[in-house]
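Only the coordinates and a few stated rules stand behind these numbers; no lab work does. What you are looking at is a predicted structure, and each value in this text was computed from that prediction instead of being measured. Heads up, the Cβs are rebuilt from the backbone with ideal geometry, glycines too, and the neighbour counts pull from every protein chain shown.
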Amino acid sequence: MGGEFRTAVKSTRVAMLVATCALGGAVFLIASLVPTPAVRADLVGHGGIVRAVAVSPDGRRIATGSFDYSARLWDFGEQSELLALEGHAGPVNAVAFVDAARAVSASDDGAIVWNLATGKPAFRIEGHRHKTMGVAVSRDGRWIATAGWDRTVRLWDARDGRAGAIFETTEPMNTVVFAANGSRVAAAGHDGFLWLWDRASGELKGKLSGHERGITHLAVAPDGKRLLSAGIDRTVRLWDAEKGSEIAVFRHHEVQVYAVAFLPDGRRAISAGRDGIVVLWSLADGKIEREIKAHESQIWGVAPSPDGRFVVTAASDGSARVWHLVTGDRIGLAVEAADEARPWLTDPHQGAKLFSKCARCHSLSADGANKSGPHLADLFGRKVGSVGGYRYSAALENRVFVWDETTLFRLFDDGPDVMLPGTKMPVQRITDAEQLRQLIDYLKKSTVPR
């Protein structure tokens, strides 16, 4: 078998999931309670295990797929839900962005290409005779590939879903990617082999061995020349997609590995699995640069942001979370103390409505709840990176400016990623100059200690 999940309860907000998993021969019981959390932020809305995650090429949106039969679209900067993509009749196992206007989700009942402007299916992809477990989009956006438990990998025209080539295998397939600038298709599954085909001719170019048990996930390097595989045998392996050879084996995980991804620099990678820990690797020497205990349950998917600052994790606890890779900090976590004042909710000032987004990460007072960003008390005239006890990213080290109307305007006009490259602050631009002035005026008024 390999990777079979049966959802016992489906709900929109609270679900008790009891699932059996037999990925590549490893059988265990998953019991996951998914309550409405006591904290805001994170990507919370699914009613079950979040099985898959992808970040859009522009870094502004996140797609997730869940055992609750839905995919969802999120705003990255605000960590807020934009769309619930509902139309599948089974768990969603994989997601990917086709282009700026469309995404694709793979499910037990096939795949759907979604119109992201309407939240409705643009068309359906049907052909697999068993669960569709993996999905990938070629770099030029021309082709979609799906991998299924019917022992096939299939190509589809991304414009209209017309069926293309079918690649036969001998075991159920879990995952698929395009490599070598889209000229090759790579897939893997229960047999532990990495299959490589020529996309145009359909010729099998290699059946690569190395993993001792099933392969759960594949990722392709930014240059398309290398592949990473994650396995039930607790290893991550690096492959040459053009030569069809193994480059390195990384042994650090003590549990099954379910997800892997290259960072945009191509020199590092992230992996995660059954223990809820994200591992950041240096691919040159296999050294571990950081570990992040991201979830208390299994992580099924990881996706880095296009600038490499963040990673989004998808897990059995029903949530996806955003992490700053340099510091390991969780972004957007906003614990709300019951007695914390929230004056922006009733203040008639025009800027108060805009500050409600900032409030997720920042308290107005120095004695407010601890959040993912520093408090804003005495903000104006305060030297950047100077709040005692707060762990700043290296992006703010050796900076000498102070926060005032000019620097705050630049922060939101240019974007934090432009003004402070590497900062923990997600991209949250305010392009309307008048709205931005209103926010700054509200901050000037509300951050003065009373």
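Using a 7 Å offset from the Cα along the Cα-to-Cβ direction at both residue 81 and residue 101, what is the distance between the two label points in nm, to one decimal?
So the label points at residue 81 and residue 101 sit 2.6 nm apart.
Which entry in (i) 22.5, 73; (ii) 26.4, 90; (iii) 22.4, 83 is this structure's computed Rg and Dmax of the Cα atoms in Å?
Answer label, from the structure shown: (i).
Got a sec to turn the phi values of the range 127-135 into Karplus ³J(HN,Hα) couplings, 6.51 cos²θ - 1.76 cosθ + 1.60 with θ = phi - 60°, whole Hz, x for Gly and Pro?
Rounded to whole hertz, the list is x, 5, 9, 8, 4, 8, 9, x, 8.
Ordered by residue, what ³J(HN,Hα) values in Hz, to whole numbers, does the range 170-178 give under the Karplus form 6.51 cos²θ - 1.76 cosθ + 1.60, where θ = phi - 60° and Gly and Pro are x?
9, 9, x, 9, 9, 7, 8, 8, 9
Which of rounded, prolate or oblate describes the range 135-289 when judged by the alpha-carbon gyration tensor and an a/c cut-off of 1.5?
In terms of gyration-tensor shape, prolate.
Take the alpha carbon gyration tensor of the range 210-282, find the square roots of its eigenvalues, order them as a ≥ b ≥ c, and report rounded if a/c is under 1.5; if not, report prolate when a/b exceeds b/c, else oblate.
Because a/c hits 1.5 or more and a/b fails to exceed b/c, the range 210-282 counts as oblate.
List the residues, sorted by chain then number, that are 5 or more residues from residue 273 or on another chain and whose placed amide H is less than 5 Å from its amide H.
Here the answer is 258, 299, since their amide H atoms fall under 5 Å of that of residue 273.
To the nearest 0.05, how large is the calculated FRET efficiency for residue 163 and residue 247 if R₀ is 41 Å and r is the Cβ-Cβ distance?
Computed FRET efficiency for residue 163 and residue 247: 0.75.
Any chance you could check the Cα centroid distance between the range 385-450 and the range 39-74 for me, in angstrom?
So the separation of the two Cα centres works out to 28 Å.
Can you tell me how the range 340-446 classifies by the Cα gyration tensor, rounded, prolate or oblate, using a/c under 1.5 as the rounded cut?
Oblate, since a/c reaches 1.5 and b/c is not below a/b.
Please get the size of the charge dipole for the range 35-324, origin at its Cα centre, with Cβ charges of +1 on Lys and Arg and -1 on Asp and Glu, quoted in debye to the nearest 20.
Rounded to the nearest 20 debye, it is 320 debye.
Show which lysines lie in cross-link reach of residue 205 when reach means a straight Cα distance below 26 angstrom and same-chain residues fewer than eight apart are skipped.
131, 225, 243
With charges only on Cβ, +1 for K and R and -1 for D and E, what is the dipole size of the range 340-446 about its Cα centre, in debye, rounded to 20?
Magnitude of the dipole: close to 240 debye.
Please work out how many pairs of lysine residues in the range 273-418 are eight or more positions apart (or on different chains) and have Cα atoms closer than 24 angstrom.
Lysine pairs, 8 or more places apart or on different chains, close enough: 5.
Using θ = phi - 60° and the Karplus relation 6.51 cos²θ - 1.76 cosθ + 1.60, list the HN-Hα couplings for the range 342-358 in order, rounded to whole Hz, with x at every Gly or Pro.
10, x, 5, 6, 10, 6, x, 4, 4, x, 5, 5, 6, 5, 4, 6, 5
Obtain the nm distance between the two label points defined at residue 366 and residue 350 by a simple spin-label model: each point lies 7 Å from its Cα along the Cα-to-C-beta direction.
Inter-label distance under the simple model: 3.3 nm.
Under 8 Å for C-alpha pairs, at least 6 residues apart: give me the relative contact order for the chain, rounded to a whole percent.
10
Could you give the dipole magnitude of the range 117-201 about its Cα centre, charging the beta-carbon of Lys and Arg +1 and that of Asp and Glu -1, in debye to the nearest 20?
Dipole magnitude for the range 117-201 comes out near 300 debye.
Ranking request for peptides 359-368, 132-141: highest mean number of other beta-carbon atoms within 10 Å first, then the rest in descending order.
132-141, 359-368
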